[in-house]
1. Considering each of E607, E619 in turn, give the residue that is among the charged types (D, E, K, R) and at pLDDT 85 or above.
2. Only one of these conditions is not met by V239: (1) on the phi > 0 side of the Ramachandran plot; (2) surrounded by 17 or more Cβ atoms within 10 Å (Cβ to Cβ); (3) not polar (S, T, N, Q). Which number is it?
3. Identify, by number, the condition in (1) closer than 20 Å to S652 by Cβ; (2) touching a Leu at 6+ places or on another chain (Cβ under 8 Å); (3) buried (at least 18 other Cβ atoms within 10 Å of the Cβ) that P571 doesn't meet.
4. Restricting the first residue to the stretch 576-599 and requiring it to be in the same structural domain as T537 (by TED's automatic domain parsing) and closer than 11 Å to V555 by Cα, which pairs with a second residue that is of a type in the set (A, V, I, L, M) and in a helix (DSSP H, G or I) meet a Cβ separation below 8 Å and a spacing of at least six or different chains?
5. Go through the stretch 555-575 and give me each residue that's in a loop (DSSP other than H, G, I, E, B) and either out of contact with any helix residue (DSSP H, G or I) (no Cβ under 7 Å at 6 or more places or on another chain) or of a type outside the set (D, E, K, R) (or both).
6. For E418, state whether it is closer than 19 Å to V440 by Cβ, under 20 Å from the mean Cα position of the chain (by Cα), not in a helix (DSSP H, G or I) and not hydroxyl-bearing (S, T, Y).
7. Just to be sure, is G592 on the phi > 0 side of the Ramachandran plot and out of contact with any His (no Cβ under 8 Å at 6 or more places or on another chain)?
8. Check the stretch 89-96 and report whether any residue there is at pLDDT 75 or above, within 30 Å of G168 (Cβ to Cβ), in a helix (DSSP H, G or I) and charged (D, E, K, R).
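The values are calculated or read from the model by the stated rules, or taken from the named source; none is laboratory data. The structure displayed is predicted, hence computed values, not measured ones. Note that we place each Cβ from the backbone using ideal geometry, even for glycine, and neighbour counts take in every protein chain shown.
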Amino acid sequence: MRRLSTGLLVSVTALLVGLIGSVFMVAALVRNDRQTLVQALGAERAFELEREARVVGDGLTDVAEDVRFAGEMLGEGGGPEAREQELRALLRAVGKYKAIVAFDAAGAEVLRLVDPRFPDLGRADFAKAAREALSKPGVVLVSAPLDDRGMLRTFATGYDDEAGRLKGAVVLLIDVSPLVTQLAVLGKGPLLLIGPHGLPLAPSDANLAALFRSPSAAPEELKEPLAHLAHGDTGWSLVRGPTAAAVGLPDAEAIFSYAAIPVAGGSNWAIGSLSSAQLGGSTERSLVTRLTLLVAVLAALFAAVGAALVVARRRTAELDESLRHSEALTRTRDVMRHVLDGMPAAVVAVAPDLTITFVNRALARRVPSIREGAALEGVWSDAEPRTRERLSGLVAEAHTSGTPRQLVAEPLHFGGLEGSFSISAIPVPRPEIGLGLLLVLDDVTELRALEAQLLRAEKLSTVGALAAGFAHEIGTPLAVVRGRAEYLRKNLGSEHEGAPGLSTIIEQIDLVSRIVRQLLDFSRDQPALTQPLGARTVVEAVRLLLDLEAQRRNVSLVLQPGDEVVVSADPDQLQQVLVNLVMNAFDASKPGQAIELSVVRRADHAEFEVTDHGDGLDEQAQRRMFDPFWTTKKRGQGTGLGLTVVAQIVRSHHGTVRVRSAPGAGTSLIVSWPLAVESR
């Protein structure tokens, strides 16, 4: 801080000394040598013009850099559509940008963004600019004027992909009037502004523009400065009275100053100014008087510099502290944006008026239509009424109460979101930075599926243990009872009045025995002994087993074995799975209907699909169909263990089974079975 104050003191002192010396020097020049004064005036006009030219050049350079930046964004992976949001933000942020158009390497238009307040000029000018840019990669090309004022121009450049290959071209339509109209503030005489194609444009003086277009008709005194202007030189020339009068100035000496307008990475522009150099005697005396007064004022100011330095020192310390806080805040903001963009959960920041101010990358990927500045409720406008009501209510409640609110495992289906989500609405009352609420959507679809699978596994494990004990305990008494019943029926004969009752006892004991056998199969949860097995062989075996049953039921079994697929399976267990599924399809079908059994090879597994055309299943039935002892069949016709055993066998082979059905649309059971190692 001490070094800063010392440096400031030295700088101010040097400035004052320089100013005082300059004042005395100029005063002496005015008194002693008018020619010297004219020389100083010319240098001053040239310096002022060059300074203004640099300002305009910086603005044009910024435009060229924005064109390059747009090309770099388009060159990144994802294509123009993935960068549309950033380009639209650039178009919205800079008022002089009227359109952004992107082309591929073949010159075909791939993206067009136009300021809605500005009429579209059509495609020909943009396509021409793109072709020229593609032929000269690495250069920002500026077009000739596209309007009568000469203010509309295209800036175009080619852009490369991430491998450095030419990928396409980007064209910006620019209204350069905000850049060049500030030159009018020079106000010392007629101006001549030359564009990159060597043509005068507004706010050029009509007389000077005509002489520039036809230099042979210009007075001799103007030919040389006009030539310097055309070549982009910087300097000035003295013009006599008659020549100045010819272009609308008083009949007195004038100064024609000229300067180049440099544009980094693009074409140069140029500017010229014609201003009077007439200084009468009263003007000179007035100048001397003003300079003398200026010296007195500077002397008084010099006495106040010491006090000002004390104040400046304190103010500098305060500014340094503010700067540190600002830099810390900027770093924190950048870190938070990176953190939010890196989160797998979808995050959207909302202003107090419930408009979107920030969308992290996870949500932008899943809902490409979401835009910053849009209303929050528009995000779920295509959702079901109940979903819209619950989400709007969650946001309104959190916004009103000022406390976080949450929906757990809420089913969502809109935009690119589909599944179960935990939704948190977190109030963040920071209106000064445009923040009122954070909405976090965490996809818990897989977690809920895993929880359901774990719950089912625990349920099946408990049922299996109970089933094993029950089957072993009841099996022996059932065998004894059946044997006694068979003995009595045989001894009494079929004509005895008790024979039908004994037959009923035997049938019911057989039913219980089948349940006991299925319970034993269900309880034996052991790893399968697998071997390579051709899927066609198993499908053909199922057909031979069930052909007669299909004929008895008056249904048809249609096989679609597809290409030969070799799976890793226990032959008996795979056959048991398919027989169970086909028998269930028989039970669900009406006479005359067909049941399809197909095999399709996927990347790393085979799919066995059994489809019937029966009445189908509702959502509740689909959720419970693999539960033990649950069945849609009539009492006494099913045990409710068939599909449970199927699911257990499939799991023991590291496969999966899923259902696809709807009321009135039939049912398909799809079994994903691992391929044999040599078939992968």
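1. E607
2. The number of the failed condition is (1).
3. Result: P571 fails condition (3) only.
4. That search, which allows pairs on different chains as well, returns F586/L546; F586/A550; I595/A550; I595/V582; I595/A585.
5. Answer for the stretch 555-575, where residues must be in a loop (DSSP other than H, G, I, E, B) and either out of contact with any helix residue (DSSP H, G or I) (no Cβ under 7 Å at 6 or more places or on another chain) or of a type outside the set (D, E, K, R) (or both): V555, P561, G562, D563, V565, D570.
6. Judged against the criteria, E418 is a match.
7. Criteria met by G592.
8. yes
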